[in-house]
Amino acid sequence: MAFSAGSAIAAAWERCWFVPALPRPLAIVRILAGTVALALWWSWSADLNTWFGPDGLLPAGAVREWRSPWGMSILDVARSTVAVRGLYLAIGAALVCLTVGLATPLAAPLAAAGFASLLHRAPMLAGPADDCTAVLLWCLVVGRSGDDLSVDRQLAIARGSGLPEPRIRNRIALSLLLVHAAVIAGAALLAQLKADVWWDGSAAWLLSVMSAVPVQFTTAFRRSEYLTDVVTHGITLFEGAFTLGVGVPALRRVTGGIGIVGWPLVGVVGGEPWWGAAMAVFAVAVLVNPPVVERPSG
């Protein structure tokens, strides 16, 4: 009996991590994650030199003392406004190449490292959307997301290449996305449950007051305690169901579909719409997670 149970666990582990997967699901995630990353990257542009310039509010030396010892940023070496702007544009170019799938094996690590450099240059300014997007980008480094729905794929077709092959690294990347989706959702739920406002049902109203959500939300919550309770407890139930649903293969398509709608709504109510968008990309990864491909591949 013990041997049989061990074999079943080993088989499930093998299916989860080491059975090759086609690149299209990962390519879809690449396009969406790259789009969100570009939007967040662009949001830094207006105040770039105010924060990072030679006379900016965040000198590189002071930031190095503040952040973790292993945190690094290529922007630390910039000593002029031209250098800051040039490095910033280089990060943007890497993100564009990743999004369209141009030279993806090189663009993916450069985009992930560049985006992380932007966050490490000012970790006190980074929000949950930035952190989630950084995770998405690093997961894409693992797989071969440029093998489909990309400029790389079109160039391969022009050279007469055949259909893209399923690869183990694609499966690993997709599984990493699932793991992170469940962990982030679960961590958000646990953090909320430590606060009384999530138990007494007033959290939705409090979030609407403290954040830049539309005024209509605050007015509606003020007028209806019942609505406030429903939205507050609905968020916690949604996050709990998403966390559990990711781990059940039979429920992943339903979980992913609900997450694509639910996470943006949670982001809007919570005043973090871009965090909701980043989490929706994780939900897409759950939705498109492919069935096991039995054909081995190198």
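The values are calculated or read from the model by the stated rules, or taken from the named source; none is laboratory data. As the structure is a prediction and not an experimental result, all values here were calculated from the model. Quick reminder, even Gly has a Cβ in these numbers, built from the backbone with ideal geometry, and neighbours come from all protein chains shown. Surface accessibility is based on the protein's heavy atoms, side chains included, excluding ligands, DNA and RNA. Shrake-Rupley method; radii C 1.70, N 1.55, O 1.52, S 1.80 Å.
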(request) State which residue pairs qualify: first residue farther than 17 Å from residue 285 by Cα and of a type in the set (D, E, K, R) and inside the range 127-153, second residue open to solvent by less than 40 Å² (accessible area, probe 1.4 Å) and in a helix (DSSP H, G or I) in any location, beta carbons under 7 Å apart, and separation of 6 or more residues or different chains. (result) 130/40; 130/119; 152/104; 152/146; 153/147
(request) Determine whether residue 43 is of a type outside the set (A, V, I, L, M) and either open to solvent by less than 20 Å² (accessible area, probe 1.4 Å) or more than 21 Å from the chain's Cα centre (by Cα) (or both). (result) no
(request) Could you list all residues from the range 46-58 that are of a type outside the set (Gly, Ala, Ser), surrounded by 12 or more Cβ atoms within 10 Å (Cβ to Cβ) and farther than 16 Å from residue 126 by Cα? (result) 49, 54
(request) Under 6 Å between Cβ atoms, at least 6 apart or on separate chains: pull out the pairs that start in the range 37-59 with a residue that is among the aromatic types (Phe, Trp, Tyr) and end on any residue that is at pLDDT below 85 and open to solvent by 40 Å² or more (accessible area, probe 1.4 Å). (result) 51/57
(request) Could you please let me know if residue 267 is open to solvent by less than 30 Å² (accessible area, probe 1.4 Å), modelled with pLDDT under 95 and in contact with a helix residue (DSSP H, G or I) (Cβ under 6 Å, 6 or more places away or on another chain)? (result) yes
(request) Report whether or not residue 162 is small (Gly, Ala, Ser) and without any contact (Cβ under 8 Å) to a residue 40 or more places away in the chain. (result) yes
(request) Take the range 93-113 and flag every residue that is open to solvent by 10 Å² or more (accessible area, probe 1.4 Å) and either assigned to a helix (DSSP H, G or I) or β-branched (Val, Ile, Thr) (or both). (result) 93, 94, 96, 97, 99, 100, 105, 106, 109, 110, 113
(message) Just to verify a result, which residue in the range 61-84, among those that are open to solvent by 80 Å² or more (accessible area, probe 1.4 Å) and touching a residue at least 24 places away in the same chain (Cβ under 8 Å), is farthest from residue 41 (Cα to Cα)?
(response) 66
